[in-house]
1. Given B:Ile35, B:Ile5, B:Ile19, B:Ile100, which one is touching a residue at least 60 places away in the same chain (Cβ under 8 Å), of a type in the set (A, V, I, L, M, F, W, C) and more than 10 Å from every other protein chain (Cβ to nearest Cβ)?
2. Is it true that A:Pro87 is buried (at least 24 other Cβ atoms within 10 Å of the Cβ), under 14 Å from B:Ile138 (Cα atoms) and not aliphatic (A, V, I, L, M)?
3. Would you call A:Asn52 among the polar types (S, T, N, Q), surrounded by fewer than 18 Cβ atoms within 10 Å (Cβ to Cβ) and more than 7 Å from every other protein chain (Cβ to nearest Cβ)?
4. When you scan segment A:19-33, do you find a residue that is in a helix (DSSP H, G or I) and among the aromatic types (Phe, Trp, Tyr), even just one?
5. Across segment B:62-84, which residue is surrounded by the most Cβ atoms within 10 Å (Cβ to Cβ) among those that are facing chain A (nearest Cβ under 7 Å) and not small (Gly, Ala, Ser)?
6. Across segment B:115-128, which residue is surrounded by the most Cβ atoms within 10 Å (Cβ to Cβ) among those that are facing chain A (nearest Cβ under 7 Å) and in a helix (DSSP H, G or I)?
7. Exactly one condition in (1) free of Cβ contacts under 8 Å to residues at least 24 places away in the same chain; (2) within 17 Å of the chain's Cα centre (by Cα) is false for B:Lys40; which is it?
There are 2 protein chains.
Amino acid sequence: MHSNIMENDKKYLLRSIEIAKESIVNGGGPFGAVIVKGDKIISEASNRVVLNNDPTAHAEILAIRQASTQLQTFELNDCTLYTSCEPCPMCLGAIYWSGIRKIVYSSDRTDAERAGFDDKFIYNEIMLEPSKRGITFIRSSDPGGEDVFRMWNEKDDKIVY
Amino acid sequence: MHSNIMENDKKYLLRSIEIAKESIVNGGGPFGAVIVKGDKIISEASNRVVLNNDPTAHAEILAIRQASTQLQTFELNDCTLYTSCEPCPMCLGAIYWSGIRKIVYSSDRTDAERAGFDDKFIYNEIMLEPSKRGITFIRSSDPGGEDVFRMWNEKDDKIVY
């Protein structure tokens, strides 16, 4: 797995690591991400959870949002994401929704755990059924939620994503 | 599981469903979310992926971001999230990072699948090891990513989140 990294992949991964280090110095979280299309960097971001008061402001989420704005599309199919650490479940979900098909990373969820981050815990929780998780999940079909998707399915001019 | 829903839970869940329906009419995705603290609605949001050109703009993510801005904190421990549909893995990750401990929802990932959404597929992918997923994961420790968490661990004045 370590052997098939190309020279360009290494360059952009190194850049994501530089961003992570700069972020620590600037009061942000220790994570950096870069999105590349072809041979061009489309977006760069660091973790700004504390700086922005935003639990969703992970480097990968911010890089995806910036790239989408930059390219004016919600589909980043031709892009590669370089990230200093394996994406957490939130960021991995965002990657799937964005259509990004290639991820290059350095540290992983176990390294993150040793640095005090919950990535591994959240991966473990997500794999459980809702009723077995550490947070309370209550499902109710009472208020007629099934009408929502019925309306959606019947809408002719919808943009599917 | 369906029996322990309280009157207030039902009211806010109904509101999230109303938001989802309004969203369809307004050209957004068929999802709505409401965050409540005590007896007060802190934020409301609908899915704006297509409207914002942002694959991360799910109702729950937007509601969490707005609540964090509103309350000036990245910790929403005392809040409840009401959402018209079971959160996808991205949103569930965001929920864990936010500290929200209670979720009330109506439709689930299977209903979402029938309406054309990838929630269930992404849940299945996330449970796999990176090397077994449908997208390419390349790990490289070459560029010295381990320095990042070493710097972080040695930083005295960091804010842990």
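Values in this text are rule-based calculations from the coordinates and carry no lab data. Quick caveat, the model's predicted, so the values are computed rather than measured. For neighbour counting, all protein chains shown are included, and Cβ atoms are generated from backbone atoms with ideal geometry for every residue, glycine included.
1. Numbers: B:Ile5 fails: more than 10 Å from every other protein chain (Cβ to nearest Cβ); B:Ile19 fails: more than 10 Å from every other protein chain (Cβ to nearest Cβ); B:Ile100 fails: more than 10 Å from every other protein chain (Cβ to nearest Cβ).
The match here is B:Ile35.
2. Details: buried (at least 24 other Cβ atoms within 10 Å of the Cβ): yes; under 14 Å from B:Ile138 (Cα atoms): yes; not aliphatic (A, V, I, L, M): yes.
Here the answer is yes, as A:Pro87 does meet what is asked.
3. On the way: among the polar types (S, T, N, Q): yes; surrounded by fewer than 18 Cβ atoms within 10 Å (Cβ to Cβ): yes; more than 7 Å from every other protein chain (Cβ to nearest Cβ): yes.
Criteria met by A:Asn52.
4. The initial filter retains those residues of segment A:19-33 that are in a helix (DSSP H, G or I), namely A:19-25.
Going one step further and asking which of them are among the aromatic types (Phe, Trp, Tyr), we end up with none.
Checking segment A:19-33: not a single residue is in a helix (DSSP H, G or I) and among the aromatic types (Phe, Trp, Tyr).
5. Here is the first cut: in segment B:62-84, the ones facing chain A (nearest Cβ under 7 Å) are B:64-65, B:68-69, B:72-74, B:84.
Filter once more, so that each one left must be not small (Gly, Ala, Ser): B:64-65, B:69, B:72-74.
Details: B:Ile64: 29, B:Arg65: 22, B:Thr69: 14, B:Gln72: 7, B:Thr73: 15, B:Phe74: 22.
Here the residue is B:Ile64.
6. B:Ile122
7. The one condition B:Lys40 does not meet is (2).
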